[in-house]
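The numbers here are math on the coordinates, done by the rules we state, and not lab data. Not measured: the values here are computed from a predicted model.
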Amino acid sequence: MAVAAELRASGAEVSFLGARGKVEAELVPGAGYEIDLLDVRGIDRHNPLRAAVAVGKAVGAVGTARRILRKREADVVLGGGGYVAGTVGMAAVLSRIPLVLTEADSHLGLANRLLAGRARRVCLSFAIAGREGERYLLTGRPVPDGVPRADRARARARFGIPADARCLLVMGGSQGARSINLAAVEAFAEDEDGGARDFHVIHLSGERDHDEIARRLASAPHAERYALIAYEPGLGEVLAACDLVLARSGGSIFEVTAAGKPAILVPYPHATADHQRGNAAWMAEGGAAEVVDDAELNAAALSERVAALFADETRLAEMSRASAALARPDAARRIADEVLAAVS
């Protein structure tokens, strides 16, 4: 979306290709772009039969994608990784349409590995060993304009957080993170000895665990300072309102750095190629984050770690500056420039 906005600002016509039944079917039209949908699904690496079906659907959808590219009179294709991008990227290669790829994580995903040799440019969020040639460009990951520009006072008014109060933002991926969800509500809302008594919490739980967390909050002693949200379409306001982030370490860490926020990161242990651990290491090595192993996550340890950071204003300020220093505010523009250059 961020790259699309930059392309549109340059006078380009932009449309999307996505998967049926996924969130893009609503988000993309809501942002004012047209979208075509393919009948494809992700590859289940733990179920050979489902994986074979997914591969079959992807191969079958290449022809459909080629027809859509012809209908749209596409001059260039931008792929963001994942199973849709793999199918559409292959359609672009077969149709001799220039292809530009972006990689959000600290390793190339399957689709990007398969297509990288055919792409005009591969835009990387992180430096990746072995991917340093002319074809590869380190751009950082694009983030929506609303993240760095969100107004803190307005965001805090939305959640009823006083200007001088501390606030913790808890979030997983778009579906939430169960281990983080459960540890956070126990540590910061249910703990009689402290919890959220000294600071506010904004908790993006995801739809899956929302009802369970809401039930626990109904009788929690510190629920009055705990804002629970199932889903937030943009992270700008919740990041602006907070002073510290507790999260997984997927692509959203670039929103965290764009907002200049320090973080406690809990890498998802089952991520492909353990890429979330690499993402977290990038922020930690930059001085912007502390990393907690998912297996070691519990309410007591979490409460102690957050309390220690909130009590150390110097440390928190240093982490905030380090986070802002890692941000790549021009990522969307740089990727858009590569897309436009691929046409010429």
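The alpha carbon centroids of the range 322-344 and the range 194-255 are separated by 30 Å. Across the range 138-154, coupling constants 3J(HN,Hα) worked out from phi with the 6.51/-1.76/1.60 Karplus curve, θ = phi - 60°, read 7, 10, x, 9, x, 10, x, 4, x, 6, x, 9, 4, 8, 5, 4, 5 Hz, and Gly and Pro carry x. Out of (i) 136; (ii) 153; (iii) 122, which label holds the value of volume of the Cα convex hull per residue in Å³ that was computed here? Read-out from the structure maps to (i).
Cα to Cα, under 26 Å, and not fewer than 8 places away if on the same chain: which lysines meet these conditions relative to Lys71? List returned: Lys22, Lys57. Each part gets one Cα centre, and for the range 97-129 versus the range 275-312 those centres are 29 Å apart.
Rounded to the nearest 10 degrees, the inclination of helix 299-311 to the longest alpha-carbon principal axis of the chain is 80 degrees. Against the chain, whose longest principal axis comes from its Cα atoms, helix 82-94 is set at around 20 degrees. Karplus-derived 3J(HN,Hα) values for the range 329-344, using 6.51 cos²θ - 1.76 cosθ + 1.60 with θ = phi - 60°, are x, 9, 4, 4, 5, 5, 5, 4, 4, 5, 5, 5, 5, 5, 7, 6 Hz; glycine and proline are entered as x.
Computed from Cα atoms, the angle from the helix 275-285 axis to the main principal axis of the chain rounds to 60 degrees.
When the P(r) of the range 127-175 is calculated, the portion above 13 Å amounts to 75% of the C-alpha pairs. Taking the chain as a Gaussian network, Cα atoms linked when under 10 Å apart, which of Gly86, Gly234, Gly140 shows the biggest mean-square fluctuation? Answer for the Gaussian network model of the chain: Gly234.
Normalising the Debye intensity of the range 146-326 to I(0), with uniform scatterers on Cα atoms only, and taking log10 at q = 0.08, 0.11, 0.16, 0.17 Å⁻¹ returns -0.21, -0.40, -0.92, -1.06.
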